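Notes to accompany the following structure.
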Amino acid sequence: MAKTGYLIHRDFWKHEMGEGHPECPARLDAIEDRLLASGVGDALERIDVPIATLPQITRAHSVEHVEHLEELSQRLVADAPAGGPDHAQIDPDTTLMKFTMLAARRAAGAAVAAVDAVMSGQVENAFCAVRPPGHHACREQAMGFCFFNNVAIAARHALEEHGLERVAVVDFDVHHGNGTEDILANDPRVLMVSFFQHPFYPFSGADHPAANMMNIPMPAYTKGMDIREVVEMLWIPRLDAFRPQMIFFSAGFDAHYEDDLGQMRLNENDYAWITNRVRDVARQHADGRIVSMLEGGYNLGALARSVEAHVRTLADL
């Protein structure tokens, strides 16, 4: 049985982007309830979640980006007694409130702590149930519900703190991980493989990707069997040739057929299959080392079932 770490923290619930927003704290309630009810949660090793330090975050972002977000946060707190706004608008879909930076720093801290736990041998792999998500956060820009790019921070931490030479990022969110590409493009130590609905937000990834990016744009209504073929025929050979020493999942579950934020047609069995195939690569080249970071997934039932399938596969249950 694989020893799988599980990282979650109550600070992730404190970040709120407004009533009715799909990226909501209830997402974590759904995941926690499902892992408890299914018994999967009992098999996981809970790992403490620290707050990421500035040097850890700035492996992926500029100091100016971090300072800009902190200034927005501090202004909200300072203006609140005089009746100031509760939120600062980042883009039409993304708002920052007084607890956002705490949650975002803690999410980045989960990424770092998961890498440390896997590299030390405490666990073979780990799943981080974090919010806010990260894969749209560019080096200099927060967007698409994301403030810090958790998976890029984790990848750079593995490379620079633990001395790995090659790591891979596997992104199966329905949206292109434009922020991860922005940060990691042309870094020869990193291979990123992804599929995503196209054309679709953020309307990137299809044209002239960097040499270390394998982007597979897929049309709306693509079914799981077609995605499995892409993984088998394109992802796996490229991953095998790269021989990563650690693999990171940007684990977004919004390509599920029940999720209204996308129009793809995957189900939880497809997520289990993808996880298993990538895990085969990790066991062949990376001593099984995987860190998975939660990204999207907004239909609560589909999200919960899909996370269970993903984590159950990681844990060999």
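The values are calculated or read from the model by the stated rules, or taken from the named source; none is laboratory data. On a predicted model such as this, the values are computed, not experimentally measured, just so you know. Cβ coordinates were reconstructed from backbone atoms using ideal geometry, including for glycine residues, and neighbour counts include every protein chain displayed. For accessibility, only protein heavy atoms count, side chains too; no ligands or nucleic acids. Shrake-Rupley method; radii C 1.70, N 1.55, O 1.52, S 1.80 Å.
Filter the stretch 283-314 down to the residues that are among the charged types (D, E, K, R) and under 25 Å from M17 (Cβ atoms), then identify the one that is surrounded by the most Cβ atoms within 10 Å (Cβ to Cβ). I'd like the intermediate steps shown before the answer.
Here is the first cut: in the stretch 283-314, the ones among the charged types (D, E, K, R) are 283, 287, 289, 295, 305, 308, 312.
Next, from what is left, pick out any that are under 25 Å from M17 (Cβ atoms): 295, 305.
Values: E295: 30, R305: 22.
My answer is E295.
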| query | Can you name the condition, by its number, that A78 falls short on among (1) under 18 Å from N150 (Cβ atoms); (2) surrounded by fewer than 13 Cβ atoms within 10 Å (Cβ to Cβ)? | reply | (1)
| task | Search the stretch 40-58 for residues that are touching a residue at least 12 places away in the same chain (Cβ under 8 Å) and pair each with any residue that is assigned to a loop (DSSP other than H, G, I, E, B) and surrounded by fewer than 18 Cβ atoms within 10 Å (Cβ to Cβ) when their beta-carbon atoms are under 8 Å apart and the residues are at least 6 apart or on different chains. | result | V40/L317; A43/M1; A43/L317; E45/Q122; I47/Q122
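Every residue, every condition in (1) in a strand (DSSP E or B); (2) of a type in the set (A, V, I, L, M); (3) under 15 Å from M213 (Cβ atoms), yes or no:
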site: F127; (1), (2), (3): yes, no, no
site: P132; (1), (2), (3): no, no, no
site: L159; (1), (2), (3): no, yes, no
site: D173; (1), (2), (3): no, no, yes
| If A117 satisfies every condition in (1) among the small types (G, A, S); (2) out of contact with any helix residue (DSSP H, G or I) (no Cβ under 7 Å at 6 or more places or on another chain); (3) open to solvent by 10 Å² or more (accessible area, probe 1.4 Å) but one, which is the exception? | (3)
| said: Residues that are touching a residue at least 40 places away in the same chain (Cβ under 8 Å), touching a His at 6+ places or on another chain (Cβ under 8 Å), open to solvent by less than 50 Å² (accessible area, probe 1.4 Å) and not in a loop (DSSP other than H, G, I, E, B): does the stretch 23-31 have at least one? | reply: no
| Do we have R265 as of a type in the set (D, E, K, R), surrounded by fewer than 24 Cβ atoms within 10 Å (Cβ to Cβ) and touching a Phe, Trp or Tyr at 6+ places or on another chain (Cβ under 6 Å) here? | yes
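Looking at the stretch 137-150, which of the residues that are under 18 Å from E23 (Cα atoms) and not polar (S, T, N, Q) is surrounded by the most Cβ atoms within 10 Å (Cβ to Cβ)?
Checking each candidate, the answer is A137.
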| Among V49, V40, which is the only one that is closer than 20 Å to L102 by Cβ, among the β-branched types (V, I, T), touching a helix residue (DSSP H, G or I) at 6+ places or on another chain (Cβ under 9 Å) and modelled with pLDDT of 95 or more? | V49
| query | Is it true that some residue in the stretch 89-97 is touching a residue at least 40 places away in the same chain (Cβ under 8 Å), surrounded by fewer than 17 Cβ atoms within 10 Å (Cβ to Cβ) and not small (G, A, S)? | reply | yes
| query | Restricting the search to the stretch 190-217, which residues are crowded, with 19+ Cβ neighbours inside 10 Å, touching a helix residue (DSSP H, G or I) at 6+ places or on another chain (Cβ under 9 Å) and over 27 Å from L164 (Cβ atoms)? | reply | S204
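Only one of these is within 15 Å of F248 (Cα to Cα), part of a helix (DSSP H, G or I) and either touching a residue at least 12 places away in the same chain (Cβ under 8 Å) or in contact with a strand residue (DSSP E or B) (Cβ under 7 Å, 6 or more places away or on another chain) (or both): A103, A108. Name it.
A108
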| note | Filtering the stretch 52-65 down to residues that are farther than 20 Å from H162 by Cβ and either in a helix (DSSP H, G or I) or β-branched (V, I, T) (or both) yields V63, E64, H65
| field | Verdict on D187 being of a type in the set (D, E) and crowded, with 18+ Cβ neighbours inside 10 Å | value | no
| query | Is there a residue being among the basic types (K, R), in contact with a strand residue (DSSP E or B) (Cβ under 8 Å, 6 or more places away or on another chain) and in a helix (DSSP H, G or I) anywhere in the stretch 66-81? | reply | yes
| message | I'm trying to understand the selection: among the residues of the stretch 220-237, which are touching a strand residue (DSSP E or B) at 6+ places or on another chain (Cβ under 8 Å), open to solvent by 10 Å² or more (accessible area, probe 1.4 Å) and in a helix (DSSP H, G or I)? | response | D226, V230, L234
